[in-house]
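**Q** The structure follows.
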Amino acid sequence: MPSLPYAAQALDPRRLAYAAELAQGTDRFQEPRRQDCPWCGSDRLCTRLRAPDLLQHKPGSFAVDQCRDCGHAFQNPRLTAEGLAFYHRDLGDDEPRGLAERLLAAGRSHRLHRAVARLMRGVGEPESWLDVGTGHARFPHAAREVFPYTSFDGLDPTMRVVRARAAGRVEEAHVGHLADPHLAARLRARYDVVSMFQHLARVPDPRAELGAALAALRPGGHLLIELPDPRSAFARLLGRWWLSHGQPRQLHLLPLRNLRAELRARGCTVLVVDRRTAHTPHDLSAALALALTHVLPAADVPWCTEPPGDLQRLLRTALTGAAGPLLAVAAALDHVLAPLLRHTPFANTYRVVARRDTG
């Protein structure tokens, strides 16, 4: 937002709308705390971490609990639908504002998307492919270079997928959640491949979403899933500063063994488990960016009750510029270490390719 007189900033419609929402408090954005694991039902829970919103700096504090029996980690208490809408709003714009947001966007390169698509060459040329949680459909846009004769569709809870269809990145755009019964009925058994990148970590019920994804596949179709690995050594080392902990938007962290067991129980054959090439080299630079933005003077965002003054703006700009070389060093270290870390417990992401074998 350009610099405006204080009175003009205070009367900004978006700021007034946020002020009205926040005047009601943030407790209503969270469900009651649950006492058992949403994956296995065990009551042996421990707190993995507590964190504020480190990406957008909206108000609130959030906890991630972990099951001592199955290892599933989840936000507890979980955000309500109203809370999810509040904390997802203004995230994922075309021009990311924060340091960590820019690093996250940089990790989703066209080259990387193309390399992931090549992982599916071993299953043949699919006729139809649905990318779930597609956003701006950058993955289908890149994957079409690998599979030029495949029809790519996109599904996303936001209108970004409609804009992606207008830009020619997908052929059909579906707005909503895959587990919604009406949408699931329309998409049943339509696709040869369904891909879900980081998606299961951000939905209230990953098991229901996984079931809906399998229902959208034809028998013999393939499911491609990518998720952050909660057992990564970086997750333990960096704690709240690990980008994939991502509070308050990451609702679940699924251990690989849990996902594999669930896929087998649903009649799938797991064909590929990839932790090596799935590793994304951004842990140190993203952690540094999150820490820096946490201590920098507040940015001019509409959910701040008081707009920053000119001195605060100048100080933030100067400190952000000074942090540039530090972030460059951290990013370089991430990439230099990546070939080694891919083969160690520090690998931060896994991918799974599974075939649906049963009706």
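The values are calculated or read from the model by the stated rules, or taken from the named source; none is laboratory data. Predicted model, so just to flag it, every value in this text is computed and none were measured. Cβ atoms come from the backbone with ideal geometry, glycine included; neighbour counts cover every protein chain shown.
**Q** Got a number for residues in segment 303-329 being buried (at least 19 other Cβ atoms within 10 Å of the Cβ) and under 22 Å from Q247 (Cβ atoms)?
**A** Residues in segment 303-329 being buried (at least 19 other Cβ atoms within 10 Å of the Cβ) and under 22 Å from Q247 (Cβ atoms): 2 in total.
**Q** Another one. Could you give every pair whose Cβ atoms fall below 7 Å, whose first residue belongs to segment 319-346 and is in contact (Cβ under 8 Å) with a residue 60 or more places away in the chain, and whose second residue is hydroxyl-bearing (S, T, Y) and buried (at least 16 other Cβ atoms within 10 Å of the Cβ), counting only separations of at least 6 or pairs across chains?
**A** L327/S285; A331/S285; P345/S232; F346/S232
**Q** Go through segment 236-290 and count every residue that is hydrophobic (A, V, I, L, M, F, W, C), in a strand (DSSP E or B) and within 15 Å of N348 (Cα to Cα).
**A** 2
**Q** To continue, here is another question. Hey, R111 hits all of (1) at pLDDT 95 or above; (2) within 22 Å of the chain's Cα centre (by Cα); (3) not small (G, A, S) but one; which does it fall short on?
**A** Just one mismatch for R111, condition (1).
**Q** If you don't mind, there's one more thing I want to ask. List pairs: first in segment 275-300 and touching a residue at least 60 places away in the same chain (Cβ under 8 Å) and more than 30 Å from R257 (Cα to Cα), second in a helix (DSSP H, G or I) and acidic (D, E), Cβ under 9 Å, 6+ apart or cross-chain?
**A** From segment 275-300, the pairs are A289/E101.
**Q** Does P302 satisfy being closer than 30 Å to L314 by Cβ, modelled with pLDDT under 95 and not aliphatic (A, V, I, L, M)? Spell out how you get there, then give the answer.
**A** Details: closer than 30 Å to L314 by Cβ: yes; modelled with pLDDT under 95: yes; not aliphatic (A, V, I, L, M): yes.
For P302, the condition - closer than 30 Å to L314 by Cβ, modelled with pLDDT under 95 and not aliphatic (A, V, I, L, M) - is met.
**Q** Here is a follow-up. Please specify each residue of segment 146-174 satisfying the condition of being touching a helix residue (DSSP H, G or I) at 6+ places or on another chain (Cβ under 6 Å) and either surrounded by fewer than 20 Cβ atoms within 10 Å (Cβ to Cβ) or within 21 Å of G221 (Cβ to Cβ) (or both).
**A** Residues satisfying the conditions are V146, F152, G154, V170, A173.
**Q** Can you tell me which of A208, A289 is surrounded by fewer than 17 Cβ atoms within 10 Å (Cβ to Cβ) and aliphatic (A, V, I, L, M)? Quick ask: steps written out before the conclusion?
**A** Values: A289 fails: surrounded by fewer than 17 Cβ atoms within 10 Å (Cβ to Cβ).
Of A208, A289, the one residue that is surrounded by fewer than 17 Cβ atoms within 10 Å (Cβ to Cβ) and aliphatic (A, V, I, L, M) is A208.
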